[in-house]
Structure formats: structure tokens, C-alpha cells
Amino acid sequence: MNNALTRENIIDILEKRIAGFKNGYRQNIALIGQRQIGKTAIIHELISEIDKTNILPVSIKINGRGIAQIINSFARQIVNEFLLSQGIHPESYIKAPAGQNQLSEILKKAQAFIPKTVAKIHAASGMLAKNKTEAAILGMFEILEIFHSETAKPCLIIVDEFQDLINFGGEEIFKELSKLIVLQKSAMYIITSSCPSRAKEILAHSLSLLFGNFEVLEVAPYHALAAYEFIARNLPVKIEDDHKKFLVDFTFGHPFYMDKFCREILSLAKISASGKVSGDILITAFENLLFKEWGVLNRRFLSLLNDSCCNKSREDFIDVILSISCGCNKIKLITKNLNKAEKIVRQKISRLVETEMLAKNGDFLRFSDKVFGFWIKTVYAPRQELDALDEESHRIAFRNSITCAFDNFSASLRRDTIERMLELLKLFQNESIQIERNKLLLSQFDEIKVISAHPKKFEATILAKSSGSFWVIGIKNGVLLPEDITEFTSASRQYGNMRSQRRLIISLSSIDVNAKLKALQEKIMTWEKETLNSLLELYNQPAIFS
């Protein structure tokens, strides 16, 4: 069964957790996912449904803000919302223009109702005036219990990009914050992060609570069906099925990129004579977004490149980035390509992984953002070598790269899944990776053969052997059921000692929960199509659609 949650699933879980909080059960939440994957939209939808007479939502944005701005925004929200709940509207008492003076007027008005809360806000601001940054931030969070003692109002605290709190107190700030959270029974926390790996590390160590650990909800890209529905809603023109699948594969189902491509393609289709999406329109959309200087994605990626280098010169890291873009996706290959000491290369890679520009899986390195990786390879890298006079030839080469990518993808759609699987197995060169919770050695196989329709409900069984490894792989188109596990186990006995086998079943549809449990008991790995596609991506192969 695919563990990825849909947006509807996530909103449903959040609503249930808030309902539980109202009834005295608190479960803090961590909402994580790539930049612009849809976390903010989920939070906005959630807040719009909250009855503020029962729970007071307070949003704290950390990224790109100074400590004074964060504390002032927090204070304005919590006090202003309280006054509104008392029927006191801002226009009745605020005379000053926007800024610090407004906060002073808000606090002055609230003094008669919540004097201890106002005093604590002044105390937090006082810590800031003394350059005690960590104490000021922690003082801000301490306001919550005092506010509850005066108003009996519980708060829903949303901390956006919480990992950036490290800028105000180092790793220790998370440990101190965890102590506060444990004691704050009147506050429920939803923390968000666009740095999933870093967020999980903080949650597992620095922000690990004795009671009330954070429930992690990961906002993933759209799965194929949801992505097709997105295109149908946002691209209401005639478009070939292969073009739709190519967009889904290229964007990896990321809603931000799908939205940009749909808008651009729709704009071009409306002014075309045919009014439908042709191959030329598709290529021109890619050019407008990724290649042209004013292109939305071109500008975004130039900014991302600077930000991810963490205020250091991009030249300190660009050699590694360019090496990966040209296919050197393992440390040994990068070291050889750059002719540099492995220690230096590893330090650069660690920094890029830490900033989540790169993702590491065992021996493999890849760009965390697939579209960004394509831009580096086809737009940024060539521009480092060409002068302005070569711009037109570069533009033609870029358009040709899109044509080639589409042609290769389209051809892969016509190929049999078994054929694609055999091709993948032949690419293994003793690399190590981790899939779900399994660490795997992808042996370089000496012999690979196919046994058709055995067991009967399977499309085929593949036997792959090397000197130290023997894989038995079953492929099934339909839903994987418990009886399939039984049949596969029985069939595996025919292929030799089962203790020496690495057994795997790939379902191109879905996996029944009970089948998953039975497979675990039999020590059989089970993958859905999405897992197989993640492995294909590591070897720069198109995804499988069915």
C-alpha cells in the first residue's frame, strides 16, 4: 500500500487532531514537504474552518524574518484576535500608521483585560533590546500559558519553516523549546518545513519530547491520477495523452510546476490557429518558462542556486552541481570528474545535501528537485561555456533537448514493463541504496532470465543471479492479494534454497494491507509502481505509466 497521503487525507487528519485538542487530547503535528508543494494552502484551508471563539490560531513565519518582526507579529496576532473576540475592533482604538506604534496601541488597549500577557510581551521585547535573542524567542512562546491563564483560550500555534529557529539560538533552542512544549497543555503546535531531511533530524533528536512527540505528515507531489485531474481542470484544451503523461513525469506531479506549465500552455494554445496543444506549443512553453531570461522558472532557479549556497559564492559548489548534471551521480564519479580530493568533494556534497539541493540515497546523489536538475543541465551549464553570440544555437539545442526527452519518454510508454524491468536490472553495478526500510545491494547480475506467468496470476517472474546474490522478482499488474503471496512463496521453492533468495513482488496497481502483512511474515519485499519509479529515476530512466 502506498504510504503517501493525499491532501484530503492530511486535512482530515488535521481536523481530527484539532477536534481532539478541543476535547483535551493534544497531538502536535509536523507538516513537511518540498518548497511550494502546497503546505501553506493546506494551513489556510484549515484555519478558515476553525471556530476562533474556541481556539485561537496564531501563525509564526520564521523564514526571512528578523527576531523583532517575528515577536511583534506574534504579539499583534494573539492580542488583536483576543480583543476582536471581546467585540473590540482595531479601528476603534488604533490611530497610528502601520508599525511599532500600532503594537503599542494594541497592547495599551489590552492592558485592562490581559495585563500579565501584556507584561510578558514587554519582557520578551526587553530581552531583545539586551541582545538576548534566544531568551526573547523562548519568552515569546512562554506568553501562551500566561495568555491561557487569563483568557482560558487554547491556542493553535503554526510555526512556518520551524527549522530556521536555529538562526536565533543554535541547536539548543530546539531542546529548550521542547521543554516548553511538554508543559504547554493549552497550546497545540503545527510546525512546517520545506527541508524534510533536516526537519526529520531535528524532530528525532533536538525536538524529541518525553510526551507528545510530533506526528509527521508529509505533503507529497500528486500521484498520477490526481495529476491528470489537475491537468483536466487547469488545461481545458485538447491535449494528447502522451503530452499529459510527459508533463506529469517531467514535473514529478509537483503542483507548483504543473500550475506554471498548464498556464503557459493554455496561453499559447488560445492564440494558436488550432486551439489545441501541439508538440511545438509544448516545447515553446518549456522554452518560455525555463530558458528565456524572464522565464518564471529560470528566475526562480537562479535565486534558488544562490540561496542554497548559503551566502557563499556559488563557485564554491557549482563544480559539484555541474558534475551531477552531466551524469556523475556517485561520489567516486564526481571525484574523478573534478580531479579533486575525495574529502573536499564530500564536504561540498554534505553542504548541498544539508541545504536540500541534493538528496542522497546510498551511493546515489540526485537533485532533490527534478525540474531544477533539468534546468541546470540544459540551461545553466551551457551558459557557463557559451558567450552571448551563441545564444541562438543554445536556444535551438534546448528545444531539441525537450524533443529528445519527449521522444524517449513516448517510446518508453510503448515498451513492455517486463522489458523495462530487465533493462533496469542490467544497469545495477553493486550500488547500495535504501528503499523504504530496506538497505539493498544492487548486485551486478551475471544471469537474468524470465519465467512467464508463474505463478499464474503474475505477469512474469524474473530470476537474477550473481556470484553472491539471487533475486526472485514477481511482477503483477493487478492488486496484490494475500493468496498471491502464498502462491509466490510456493513457486519460489522451485528456484533453490529460499534462505539465499532476495524475494520481491512488484505490484503495478496496489497492495492489499493483509498482503503487505503476509509478505512481511514471509520476508518478501513488496513495491508499488511508485517505488519502482523512484529506482528508475536514480538510473535516469523514464517512469512507468499504466
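The coefficient of translational diffusion for the stretch 178-311, derived via Stokes-Einstein from the alpha carbon Kirkwood radius under 37 °C and 0.692 mPa s, stands at 183 µm²/s.
Here the chain is described by how far its Cα atoms reach on the three principal axes: 81, 64, 54 Å, from widest to narrowest.
Among Ile462, Ile166, sorting on how many other beta-carbon atoms sit within 10 Å of each Cβ, with the fewest leading, yields Ile166, Ile462. Averaging the Cα positions of each part gives two centres, and for the stretch 340-392 and the stretch 455-469 these lie 36 Å apart. With the convex hull drawn around the C-alpha atoms of the stretch 242-327, the volume per residue stands at 115 Å³.
Volume of the convex hull of the stretch 402-546 (Cα atoms only), normalised per residue: 111 Å³.
Once the convex hull of all Cα atoms in the stretch 30-81 is built, its volume per residue stands at 90 Å³. State, as an integer percentage, the relative contact order of the chain based on alpha-carbon contacts under 8 Å between residues 6 or more apart. This gives 11 percent for the chain.
Applying the criteria of a DSSP loop state and at most 15 other Cβ atoms within 10 Å to the GluC sites (Glu not before Pro) of the stretch 276-373 yields Glu293. Rounded to the nearest 20, the size of the Cβ-charge dipole of the stretch 133-264 about its Cα centre is 320 debye, with Lys and Arg at +1 and Asp and Glu at -1.
Amide H contacts of Ile505 (H built 1.01 Å from N, in plane; Pro and chain starts excluded): Gly474, Met525, Thr526, Trp527 sit under 5 Å, all sequence-distant by 5 or more or on other chains. Among the chymotrypsin sites (Phe, Trp or Tyr not before Pro) found in the stretch 226-267, not one is both in a DSSP coil and sparsely packed, with 12 or fewer other Cβ atoms within 10 Å of its Cβ. Here's the picture: charge each Lys and Arg Cβ at +1 and each Asp and Glu Cβ at -1 in the stretch 250-293, and of Ser274, His254, Leu290 the one pushed furthest to the positive end of that dipole is Ser274. Among the lysines of the stretch 417-538, pairs at least eight places apart or on separate chains and with Cα atoms under 15 Å apart come to 9. Computed 3J(HN,Hα) for the stretch 13-27, one whole-Hz value per residue from the Karplus formula 6.51 cos²θ - 1.76 cosθ + 1.60 where θ = phi - 60°, is 5, 4, 5, 5, 5, 5, 4, x, 5, 4, 9, x, 10, 9, 10, glycine and proline marked x. In plain terms, if you count all Cα to Cα distances in the stretch 297-383 and split them into 5 Å steps from zero, the share in each step is 3, 15, 29, 29, 18, 6, 1 percent.
With the cut-off at 22 Å, report for the stretch 425-508 the share of all Cα pairs above it, as a whole percent. For the stretch 425-508, the fraction of Cα-Cα distances above 22 Å is 25 percent. Each residue of the stretch 415-427 is assigned a 3J(HN,Hα), and the resulting list reads 8, 5, 4, 4, 4, 4, 5, 4, 5, 4, 4, 6, 8 Hz, derived from the Karplus form 6.51 cos²θ - 1.76 cosθ + 1.60 (θ = phi - 60°), x at Gly and Pro.
Look at the alpha carbon pairs under 8 Å that are at least 6 residues apart: their mean separation over the length of the stretch 1-152 gives a relative contact order of 15 percent.
Here, each number is a calculation from the coordinates, and none is a lab measurement. Keep in mind it's a predicted model, so treat the numbers as computed, not measured. Backbone-built Cβ (ideal geometry, glycine too); neighbour counts: all protein chains shown.
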